[in-house]
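Report on one structure; see the data block that follows.
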Amino acid sequence: MTNSTPQAQHGRRARHLALIGLKLAVTGALTWWVFSSVDLGSSAERVASLDPAWGVAALLMFLALLVVGALRWLVFTRALAVSPSTIATVKISFIASFLGQVLPAGIGIDAVRVWFLTRRGARVGLSVASVVLDRLAGLGSLLLLIAVFLPLLFSKVKDTGIETGITLVL
């Protein structure tokens, strides 16, 4: 049974507004701290000196990366009988990518993807499984790229000490 008296509702609203105020205060303080640590004039000069064509190319590559990642995730969602549309999967991936930049956790992107899938009716276990499989596929892709391009790197590097260091790091 819920307590829905006017006083209880007022108390919940006051706590909600206080929490929003606290979040805004923390956001403001952190934003001030970041901007006070950065030389904005120097940053503006560097941005102004960039070639716009390279900026557009980088943006297009980033967008393509998000779409390809969404399509890869779509393969796993469909294999698990979770069937969001292609457009929905791309939208979720774009939203998750944005929120992953602003949320204070490295796992934010994955949590957002799971949350959106469950809001669309998927079971939590299947949503988590699709994200884990997608992450494992991404890891496998990186390992494959390393295996393919490591010999090329070693053909360019002639110092055995550097080769050993690279091998140990990888």
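Evaluate the stretch 102-118: report whether one residue or more is in contact with a Ser or Thr (Cβ under 6 Å, 6 or more places away or on another chain), at pLDDT below 95, of a type in the set (A, V, I, L, M) and open to solvent by less than 70 Å² (accessible area, probe 1.4 Å). Outline the logic, then answer.
Narrowing the stretch 102-118 to residues in contact with a Ser or Thr (Cβ under 6 Å, 6 or more places away or on another chain): 114, 117-118.
Those left that are additionally at pLDDT below 95: 114, 117-118.
Among the residues that remain, those that are also of a type in the set (A, V, I, L, M) are: 114, 117.
Right, trim to open to solvent by less than 70 Å² (accessible area, probe 1.4 Å) and you get 114, 117.
Within the stretch 102-118, one or more residues are in contact with a Ser or Thr (Cβ under 6 Å, 6 or more places away or on another chain), at pLDDT below 95, of a type in the set (A, V, I, L, M) and open to solvent by less than 70 Å² (accessible area, probe 1.4 Å).
Looking for something in contact (Cβ under 8 Å) with a residue 24 or more places away in the chain and β-branched (Val, Ile, Thr) - is there at least one such residue anywhere in the stretch 79-86? Yes, the conditions are met somewhere in the stretch 79-86.
For the residues 48, 18, 29, 25, the requirement of being more than 24 Å from residue 103 (Cα to Cα) and among the hydrophobic types (A, V, I, L, M, F, W, C) singles out 48. Output the qualifying pairs, or none if there are none: Cβ atoms under 7 angstrom, residues six or more apart or on different chains, first residue in the stretch 55-78 and within 28 Å of residue 129 (Cα to Cα), second residue of a type in the set (Phe, Trp, Tyr) and in a helix (DSSP H, G or I). Listed pairs, sorted by first residue: 66/94.
Residues checked against (1) open to solvent by 50 Å² or more (accessible area, probe 1.4 Å); (2) under 30 Å from residue 117 (Cβ atoms); (3) of a type in the set (A, V, I, L, M, F, W, C):
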{"position": "49", "(1), (2), (3)": "yes, no, no"}
{"position": "54", "(1), (2), (3)": "yes, no, yes"}
{"position": "66", "(1), (2), (3)": "no, yes, yes"}
{"position": "73", "(1), (2), (3)": "no, yes, yes"}
{"position": "92", "(1), (2), (3)": "no, yes, yes"}
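Can you tell me how many residues within the stretch 117-162 are farther than 17 Å from residue 92 by Cα, touching a residue at least 24 places away in the same chain (Cβ under 8 Å), of a type in the set (A, V, I, L, M) and touching a helix residue (DSSP H, G or I) at 6+ places or on another chain (Cβ under 8 Å)? Show your work before the answer.
If we filter the stretch 117-162 for residues that are farther than 17 Å from residue 92 by Cα, which is where we start, we get 125, 136-162.
Filter once more, so that each one left must be touching a residue at least 24 places away in the same chain (Cβ under 8 Å): 137-138, 146.
Those left that are additionally of a type in the set (A, V, I, L, M): 137, 146.
Next cut, touching a helix residue (DSSP H, G or I) at 6+ places or on another chain (Cβ under 8 Å) only: 137.
Looking only at that region, the number is 1.
Residues in the stretch 133-159 that are surrounded by fewer than 10 Cβ atoms within 10 Å (Cβ to Cβ) and among the hydroxyl-bearing types (Ser, Thr, Tyr): 155 only.
The values are calculated or read from the model by the stated rules, or taken from the named source; none is laboratory data. If you're wondering where the values come from, they're calculated on a predicted model, not measured in any experiment. In this analysis, Cβ positions are derived from the backbone assuming ideal geometry, glycine residues included, and neighbour counts consider all displayed protein chains. Keep in mind that these areas ignore ligands, DNA and RNA; they rest on the heavy atoms of the full protein, side chains included. Shrake-Rupley method; radii C 1.70, N 1.55, O 1.52, S 1.80 Å.
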